[in-house]
Amino acid sequence: MPYAEAARARGVHVHHLNIGQPDLPTVAPMLQAYRSFDHPVVAYAPSEGFLDYRQALAGYYNRLGVAGDPIRADQILVTVGGSEALLFAIAATCDPEDKILVVEPYYTNYRGFAHMLGVEVVPVTTHASEGFKLPAERVRAAIGPGVRALVVPTPGNPTGMVLSHAELAELGQVCVDHGIFFIVDEVYREFVYPEDGDASAVAPSVLEVPDLEGHAVVIDSVSKRYSGCGARIGCLVTRNRELYAACLRFAQARLSPPTVDQVAAAAALRTPHEDMRAMIDAYRARRDLLVAGLNAIPGVSCPTPEGAFYLIADLPVADAEDFCIFLLREFDLEGETLMMAPAEGFYATPGEGRNQVRLAYVLDRPKLARCLEILRAGLAAYAARAPAPRASMS
Ligand SMILES: Cc1ncc(COP(=O)(O)O)c(C=O)c1O
């Protein structure tokens with residue numbers, strides 16, 4: 001960010017492909033709920049969240065289709081974003097010095113939350129050449145003493161990988177066999193782009209897999225689904241009563257999830273299907289443009305992500321971080337440059353991801369097209385310059 005700020009101070013416009021802040025407007029029912037909130041006191045909400053909101057959420061999950069009995073409101077805990085749901089889930093399943101398995105490259109905050117709790121992250125590496133799929137056998141091989149949970153996002157950040165129902169079931173079976181929890185981060189559930197263009201498709205949920213009642217924990221959020229990141233509302237869903245009770249105790253300690261935002265999140269559930277589709281279609285069109293454009297640049301390659309709004313691209317550079325800094329510090333194309341996230345930070349395994357970047361397609365298509373031009377020109381300029389050591393901020 002300091003490099004980006006310095007670029008801006010030089011008068012250069014920086015396109016941000018580095019963060020997952022959607023540019024699309026927050027859904028209309030949510031904005032309307034904020035505008036019409038009219039209570040004399042903004043009071044605490046119940047620690048587990050408002051009952052009517054949890055009932056509405058249960059309806060949402062049951063409409064998606066769940067295995068076994070319908071999901072009930074008392075299996076849903078409203079949290080401060082998906083972030084707090086993750087924190088509670090890891091805190092409730094692990095003691096300090098325990099371990100969680102995370103699919104690598106991973107959403108970096110998994111590591112942050114684990115670190116806060118004194119929990120060790122054990123990476124299970126996936127590869128671009130395999131479409132970043134997570135083979136169950138690789139997970140099984142990584143399970144050792146002290147491992148309490150497997151944490152997987154699907155659709156995935158940073159890779160866009162989506163687990164099929166069969167893959168979720170296979171991973172779930174591994175968790176059952178080894179007596180560990182299966183924490184599935186489904187905050188991008190609606191963001192899938194199937195080949196057949198099925199407009200009603202959503203990513204398979206672990207709630208659809210039978211016989212995982214004791215093991216499965218769903219992490220969810222309104223942030224991306226309704227383009228409402230600042231609402232700070234998420235939830236945790238589990239049928240495991242003991243685990244729920246442990247998470248509820250953490251929730252009681254922090255008193256309450258946001259009151260006004262829960263009202264807005266409940267309204268968001270009433271977003272018309274066509275509005276949701278328009279949002280997903282916009283992301284699909286962006287993905288298609290970006291993937292085709294990247295693969296057309298000499299030396300650049302990326303698999304086609306099936307979901308979310310991120311992708312990992314291989315660049316023809318030895319050190320993607322150095323290149324990202326170069327773009328901000330030394331390069332511009334007619335007064336514009338690009339900020340990308342070096343992918344090394346999404347890996348715990350040393351050396352992995354050094355030539356990769358993560359891009360978030362949260363800009364409109366004309367801007368993405370411009371970003372591709374800047375990237376192409378930036379790579380050519382970088383290749384032409386004398387090799388320089390990695391820049392430092394000091
Ligand atoms: C995979 C994943 N999980 C969880 C979150 C947490 O989001 P929030 O706390 O806004 O719900 C994010 C945010 O980017 C994410 O990408």
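Work out which chymotrypsin sites (Phe, Trp or Tyr not before Pro) in the chain are exposed loop sites (DSSP not H, G, I, E or B, at most 14 other Cβ within 10 Å) and give the longest gap free of them.
In short, 45-394.
Return the inverse of the average 1/r over all pairs of distinct C-alpha atoms in the stretch 96-141, which is the Kirkwood hydrodynamic radius, in Å to one decimal.
After inverting the pairwise mean of 1/r, the radius is 11.2 Å.
Give me the percent of DSSP beta bridges within the stretch 170-279 that run antiparallel, rounded to the nearest 5.
50 percent
How are the Cα pair distances of the chain distributed, in percent, across 10 Å bins from 0?
Reading upward from the zero bin: 5, 23, 31, 26, 13, 3, 0.
Work from the charge dipole of the stretch 236-394 (Cβ charges, +1 for Lys and Arg, -1 for Asp and Glu, about the Cα centre) and give the residue of A251, M279, L289 farthest towards its positive end.
Among A251, M279, L289, the one farthest towards the positive end of the dipole of the stretch 236-394 is A251.
Which residues make up the longest stretch of the chain clear of trypsin sites (Lys or Arg not before Pro) that lie in a DSSP loop with no more than 15 other Cβ atoms within 10 Å, not counting the sites?
With trypsin sites (Lys or Arg not before Pro) excluded where exposed in loops, the chain gives 73-253 as its longest stretch.
How long are the semi-axes of the equivalent ellipsoid of the stretch 140-264, defined as square roots of 5 times the Cα gyration tensor eigenvalues? Whole Å, largest first.
Working from the Cα gyration tensor, I get semi-axes of 24, 23, 12 Å.
Please name whichever of A67, Y226, S164 sits farthest to the positive end of the charge dipole of the stretch 28-268, dipole taken about the Cα centre and charges placed at Cβ: Lys and Arg +1, Asp and Glu -1.
Result: Y226.
About its Cα centre, what dipole magnitude does the stretch 28-268 give when the only charges are +1 on Lys and Arg Cβ and -1 on Asp and Glu Cβ, stated in debye to the nearest 20?
Dipole size: approximately 580 debye.
Per residue of the chain, what 222 nm ellipticity follows from adding -39500 (n - 2.57) for every DSSP H run with n ≥ 4, rounded to the nearest 500?
-12000 deg cm²/dmol
Which distance in Å, rounded to a whole number, links the C-alpha centroids of the stretch 155-234 and the stretch 281-359?
Answer, in whole Å: 24.
Beyond 14 Å, what percent of the Cα pairs of the stretch 191-259 remain?
When all Cα pairs of the stretch 191-259 are counted, 71 percent exceed 14 Å.
Wrap a convex hull around the Cα atoms of the stretch 315-357, take a quarter of its surface area, and give that in square nanometres.
Value for the stretch 315-357: 3.0 nm².
At 30 Å minimum axial length over the Cα atoms and a Kyte-Doolittle cut of -0.5, report the qualifying DSSP H helices in the chain, or say none.
273-295
Taking only Cα atoms and a 10 Å spring cutoff, compute GNM fluctuations for the chain and point out the largest among I297, I219, I71.
The residue with the greatest mean-square fluctuation here is I297.
Determine, from the Cβ-Cβ distance of E195 and E352 and an R0 of 30 Å, the FRET efficiency 1/(1 + (r/R0)^6), rounded to the nearest 0.05.
E between E195 and E352, to the nearest 0.05, is 0.55.
Would you mind computing, in nm to one decimal, how far apart the modelled labels at R365 and A141 are, each placed 7 Å from Cα along Cα→Cβ?
4.2 nm
Who wins for biggest fluctuation among A265, A377, A141 in a Gaussian network model of the chain, springs between alpha carbons below 10 Å?
Most flexible of the set in this elastic network: A141.
Out of all DSSP beta bridges in the stretch 39-196, what portion is antiparallel? Express it as a percent rounded to 5.
0 percent
Name the most mobile residue of A45, A251, A313, meaning the one with the largest mean-square fluctuation, in a Gaussian network model of the chain with Cα contacts below 10 Å.
A45
Before anything else, pin down the relative contact order of the stretch 115-253: Cα pairs under 8 Å, at least 6 apart, normalised by residue count, whole percent.
Averaging sequence separation for qualifying contacts and normalising by length gives 19 percent for the stretch 115-253.
Every number in this text was worked out from the coordinates using simple rules, so none of it is lab data. Quick caveat: nothing in here was measured; it's all calculated off a predicted structure. Reconstructed Cβ throughout: ideal geometry from the backbone, glycine too, with neighbour counts over all protein chains shown.
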